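Asker: I have a structure I would like to understand better, so I am pasting it below and will then ask my questions one at a time.
The values are calculated or read from the model by the stated rules, or taken from the named source; none is laboratory data. Just so you know, these numbers come straight off a predicted model, no measurement behind them. Cβ sites come from the backbone with ideal geometry, for glycine too, and all protein chains shown count toward neighbours. The area values use the complete protein model at the heavy-atom level, side chains included, leaving out ligands, DNA and RNA. Shrake-Rupley method; radii C 1.70, N 1.55, O 1.52, S 1.80 Å.
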Amino acid sequence: MLREEKEAEGGSDKLQIQETTTGEIHLASLDPPNVTSERPSSSLAAREDLHEPTSETFGLDLPFTIDMWNLMFRDIAGESIDSEITRQSWKENSQEGSTKTQDQGEDLSGFHLEAHVANVANRFEVCSVAQMENYISGSVDADEAIKVQYLAENSYLDPFLYRAIAHDSVTIVEHGRSPNAIPTSRMAGQLNKGGMLIRRLSNSRKDTPSLLFVRSDPGLSHNDIKTKEQIRHLINNYGPRLLLIYFRFINPSLPLFSRSLFYFGTNQNMLEFHNSLLATLLTLAMDWWSVDSILKQHTMPSDQLLFKIARQAVMEDQDMPNYSSLQACILLSHKRPADLSKPDTPFTWMILSIAASLAVTLGYNRDCAEWNIPDWDKKLRKRIWWTYVVQETWFAACYGRPLHIRTSSWNVPELTASDFESYSTGERESTDFKYSVKSFCYLAKISLLVADLCDSFLYKEEAVPRSFDTLFTIGKLYLHRISLLDASCPTDLYISTKTGSQLPRTNGSVQISVEVARILVLRYLIHRVLSSDSSVYEMYSGTLLQWSMDCLKRIYSLVSALRVDQVRYFWYSWSRLQFAVIANFFLLVHSLATNDEDRDKIRDLMDSFRWWLGCNKSSFADLSLALNFLDRAYLIGVSKFTRKEY
């Protein structure tokens, strides 16, 4: 799992991944696996079903996540995973010579990386310690044994002074290792446990030195182990399927993981897989419980308890955070509230503020192109940063708050297709991989524009307020930029695009985001014109009303074109807030109208939109908040939402 063909220049450093004839993937530099596992060859029959592996879903399969799950708990639990649930999803293998069937019960409890364990089907070859160390050598993010802080120019630890004593690399000298432990990167180096030093990331003498203050991890506490045991007993047999759901359905749209690093991570002691990240992955996957054909037959464990474990673990990470702490915070912001019909609590905004602090502390807001770190590490940091930007920007825009990190405080380049990792050369050519890359890159462009809109227009503090004429001109320019970006949208991101792919598409979420970006500009201008004197109102209200009505027509045309399967696609958690923004915008535009004809047109559109919300709420619960707002407005009386009430 999670391996890449490393796109690095040079020879010995390059890691080749190949698929075997049985669909397995192994390192090309190693001999083929001694034991191959027989697998069903048919593809997914339906989007809801996780039954069988398919090359169109990033090469992930259930046996691998079972192995991964067992590895995570190998040091704290002697029990094997109960195959009663997992084996239901495997059809009888009809291939000649097969010795395993569903009735016989496939042994799903083996660790795929434990080549030394007898009588266990070894589905993946174990890379050597030398290969592992070579791959992660120089990485900032691969070694859980160290925690880092980026030294800013004006830090109390002045980087201009400390670069003279900085080291070019850092590894850990760990004493008392168990002879049976799976090797990690902590094999030799300058830093003993409890020690500290400075790591040099760039040799440039012209710019501010890029330095990291490095300290060693004190190791797992008793509470850490207790928390992991709690997760294990809460989720137990459902864990492998939940992990599979996450990596198939969520990870393509929130590309926070390095597939290669995750592969090597599974070679390490999985106790180092932070509780915060593990619990967050699981609680996000729980949102898809009713979609899975096997899991929906069983009673779901307490998602509320799992969420509390994730939240508590994130807080405990903050004393000695690393990149997995940042990943957990970003992902936790994607967790929807228990009651989707009610406004958010402050938790999401708070967890994003923690993510912002971690990102700056760990240097993710800095361009690392010239840093002395592996190529895959640069790509990982870039994707993590942009995933944070996407989440932060849309929550800030929907909450009506300034960004935690202003666009002037970071210099990370825009994403390109080369920043995304694939499992194998063949997968880079797959439809799903290309789509997921294209979709997220385009969403990042929209988010960057909205982030600039927030910083430079919506929340810009000025000593002398700008006139409405100036605001109108600036707003018009932003609307033009949004239109240009809309025109550049790849055709396979359109709502009308049909596909037989099993990957949950993000087309609806992306297209709604473009229209909400327009609403943000129009809403701001309408707020200003409604509070202006009558001469300004008379001059600009007609134009703003027409632009707003055109926007609402596009939105209704967009949502009414959504098919049943599309409302069940992947939607970002902030899409729920976007629909609420749209619902409130209908009321705001209604208040702008001054004659009955315009009010009737807006009311007809609003009635149609409300009807659409009601029809689709049962299959798409993210619409509940928007419908709740409109229902309350209709109960009070839409006619009350007029300018005279302001």
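Asker: Roughly what would the spin-label model give for residue 319 and residue 538, points 7 Å off Cα along C-beta, in nm?
Answerer: With each label point 7 Å from Cα toward Cβ, the separation is 6.8 nm.
Asker: Please give the length that would be gained between residue 480 and residue 567 if that part of the chain were fully extended, namely 0.36 nm times their separation in residues minus their C-alpha to C-alpha distance (nm, one decimal).
Answerer: Numbers: separation 87, 0.36 × 87 = 31.32 nm, distance 2.88 nm.
Length gained, residue 480 through residue 567: 28.4 nm.
Asker: Then there's this: How far is it, in nm, from the label point at residue 165 to the one at residue 152 when both lie 7 Å from their Cα along the line to the Cβ?
Answerer: 2.3
Asker: If you don't mind, another one. State, as an integer percentage, the relative contact order of region 342-464 based on alpha-carbon contacts under 8 Å between residues 6 or more apart. Walk me through the numbers before you get to the answer.
Answerer: Numbers: 86 pairs, mean separation 37.1, N = 123.
Relative contact order here is 30 percent.
Asker: Relative contact order of region 431-539: what whole-number percent is it, with Cα pairs under 8 angstrom and at least 6 residues apart?
Answerer: Values: 50 pairs, mean separation 40.3, N = 109.
Reported as a whole number, the value is 37 percent.
Asker: How much accessible area per residue does region 291-403 have, counting only protein heavy atoms and a probe of 1.4 Å, in square angstrom? Could you put the intermediate results ahead of the total?
Answerer: Working: 3910 Å² over 113 residues.
With all protein chains present, region 291-403 gives 35 Å² per residue.
Asker: OK, next. Would you please give the FRET efficiency between residue 462 and residue 296, computed as 1/(1 + (r/R0)^6) with r the Cβ-Cβ distance and R0 = 60 Å, to the nearest 0.05? Provide the component values of the computation, followed by the final result.
Answerer: Working: r = 54 Å, r/R0 = 0.90.
With R0 = 60 Å, the Cβ-Cβ based efficiency is 0.65.
Asker: Roll a 1.4 angstrom probe over the protein heavy atoms and tell me the percent of accessible area of region 363-494 that is carbon or sulfur. The partial results should precede the final answer.
Answerer: Working: 2760 of 5090 Å².
Ligands and nucleic acids excluded, carbon and sulfur reach 54 percent.
Asker: Another question about this same structure. Pop a pseudo-label 7 angstrom from the Cα along the beta-carbon direction at both residue 587 and residue 631 and give the gap in nm to one decimal.
Answerer: Roughly 1.4 nm, to one decimal.
Asker: For region 563-642, build the charge dipole from Cβ charges (+1 Lys, Arg; -1 Asp, Glu) around the Cα centre, then report which of 615, 587, 569 sits farthest towards its positive end.
Answerer: Result: 569, furthest along the dipole toward the positive end.
Asker: Can you flag which of 445/498; 379/434; 308/342; 147/226; 296/379 are past 26 Å Cα-Cα? Display every interim value, and only then the final one.
Answerer: Details: 445/498 23 Å; 379/434 17 Å; 308/342 19 Å; 147/226 22 Å; 296/379 37 Å.
Result: 296/379 exceed 26 Å.
Asker: Per residue of region 444-456, what does 6.51 cos²θ - 1.76 cosθ + 1.60 with θ = phi - 60° give for ³J(HN,Hα)? Whole Hz please, x for Gly and Pro, Karplus curve as stated.
Answerer: Result, ordered by residue: 5, 5, 4, 5, 4, 5, 5, 5, 5, 4, 5, 6, 9 Hz.
Asker: Please work out whether region 324-457 counts as rounded, prolate or oblate from its C-alpha gyration tensor, where a ≥ b ≥ c are the square roots of the eigenvalues and a/c under 1.5 means rounded, while otherwise a/b larger than b/c means prolate and anything else oblate? Write down the numbers at each step before the final one.
Answerer: On the way: a/c = 1.72, a/b = 1.39, b/c = 1.24.
Prolate.
Asker: Turning to a different aspect of this structure: Per-residue HN-Hα couplings for region 233-239, Karplus 6.51 cos²θ - 1.76 cosθ + 1.60 at θ = phi - 60°, whole Hz, x for Gly and Pro?
Answerer: The phi angles translate into 6, 6, 9, 6, 5, 7, x Hz.
Asker: Once you order the gyration tensor axes a ≥ b ≥ c over the Cα atoms, which shape class does region 220-261 get: rounded for a/c under 1.5, otherwise prolate or oblate by comparing a/b with b/c?
Answerer: oblate
Asker: Net charge near residue 472, counting Lys/Arg +1 and Asp/Glu -1 over other residues with Cβ under 11 Å of its Cβ? Can you show the working numbers first?
Answerer: Numbers: positive: 466, 476, 528; negative: 469.
Taking every Cβ under 11 Å from that of residue 472, the sum is +2.
Asker: Order these peptides, 440-452, 318-330, 544-556, by their mean beta-carbon neighbour count within 10 angstrom, highest first. All intermediate terms of the calculation are to be shown ahead of the outcome.
Answerer: Numbers: 440-452: 20.3, 318-330: 22.1, 544-556: 18.2.
Packing order, densest peptide first, comes out as 318-330, 440-452, 544-556.
Asker: Shifting gears a bit: Solvent-accessible area per residue for region 428-525 at a 1.4 Å probe radius, Å²? Walk me through the numbers before you get to the answer.
Answerer: On the way: 3770 Å² over 98 residues.
That works out to 38 Å² for each residue.
Asker: Using the Karplus curve 6.51 cos²θ - 1.76 cosθ + 1.60 with θ = phi - 60°, what ³J(HN,Hα) values do you get for each residue of region 616-631, in whole Hz, with x for Gly and Pro?
Answerer: 9, 4, 5, 9, 9, 5, 4, 7, 4, 5, 4, 5, 4, 4, 5, 4
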